[in-house]
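The values are calculated or read from the model by the stated rules, or taken from the named source; none is laboratory data. Since the model is a prediction, treat every value here as computed from it, not as a measurement. Positions of Cβ are backbone-derived with ideal geometry, glycine not excepted, and every protein chain shown enters the neighbour counts.
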Amino acid sequence: MDPVTHGLTGWLIATGLRADARTRTFAAVAAIAPDVDWAPILWGGDVLTAHRAVGHNVWVGVPLAAILAVRSGKRWRSAAAFYLAFLSHLAWDLTFVDWPEKLLWPLSQHAFPTLGWQPLSAQHLLSLGAVCACTVVVMIWTGFAPWELFHPSRLDIVIGRTVPTRGAKGAAPDKERSDQGAVSTRGRGAVSPNNARGQPGDPGA
């Protein structure tokens, strides 16, 4: 599957777990990371042997998640987000191209078959479109954006204030209630001049 689909899926998973901005961004990285086993092609190595084996197995994601979690605040939640993002890559690749994955390598050489979707096929484009659509909905709902670690994450920075976020909608009533409460408190604590002097006819007036 393409890196955009992988990266956005990882970001969506971390956002669903209510992770912080750093964790959401690193989760996108973790979701793309398995494709590092393409590296042998840079020095003429046998990519057919390495790809979908060295990086595409369930074991290598564990130390990757642990290393990334060290740099995050809520480490258990971060580690879970990173590992699930990593696994999402393996899941997507089980649909893409007729190139089996060795999910249990090196303990097993068994190659798990894929659905064989081809690049730019209808299935591929629909999957990419669905992930992008979900990302836009989550951006509007939360006010976060996938590029937030490198750029202000508020959605209105990107597209102006034409699309209010859920957080922005929820903030106004809370502030209004707070202001009303403050006014009410001041009103109860205040003493009018008439009460201070006493009303006509009162014993102390």
Considering the range 68-100 alone, what residues qualify as being buried (at least 17 other Cβ atoms within 10 Å of the Cβ), under 18 Å from VAL4 (Cα atoms) and among the polar types (S, T, N, Q)?
SER88
Inside the range 103-118, can you point out the residues that are under 21 Å from PRO3 (Cβ atoms) and in contact (Cβ under 8 Å) with a residue 40 or more places away in the chain?
LEU103
Could you list, ordered by first residue, the pairs with Cβ atoms under 6 Å in which the first is in the range 127-149 and assigned by TED's automatic domain parsing to the domain that holds TRP11 and the second is surrounded by fewer than 18 Cβ atoms within 10 Å (Cβ to Cβ) and not in a loop (DSSP other than H, G, I, E, B), at least 6 apart or interchain?
TRP141/ARG166; GLY143/GLY167; GLU148/ALA21; LEU149/ALA21
Checking the conditions here, which among ALA50, ALA39, ALA69, ALA30 is touching a helix residue (DSSP H, G or I) at 6+ places or on another chain (Cβ under 9 Å) and at pLDDT 90 or above?
ALA30
Is it the case that ALA21 is among the aliphatic types (A, V, I, L, M), at pLDDT 85 or above and exposed (fewer than 15 other Cβ atoms within 10 Å of the Cβ)?
yes
Would you say LEU103 is buried (at least 19 other Cβ atoms within 10 Å of the Cβ), assigned to a helix (DSSP H, G or I) and not polar (S, T, N, Q)?
no
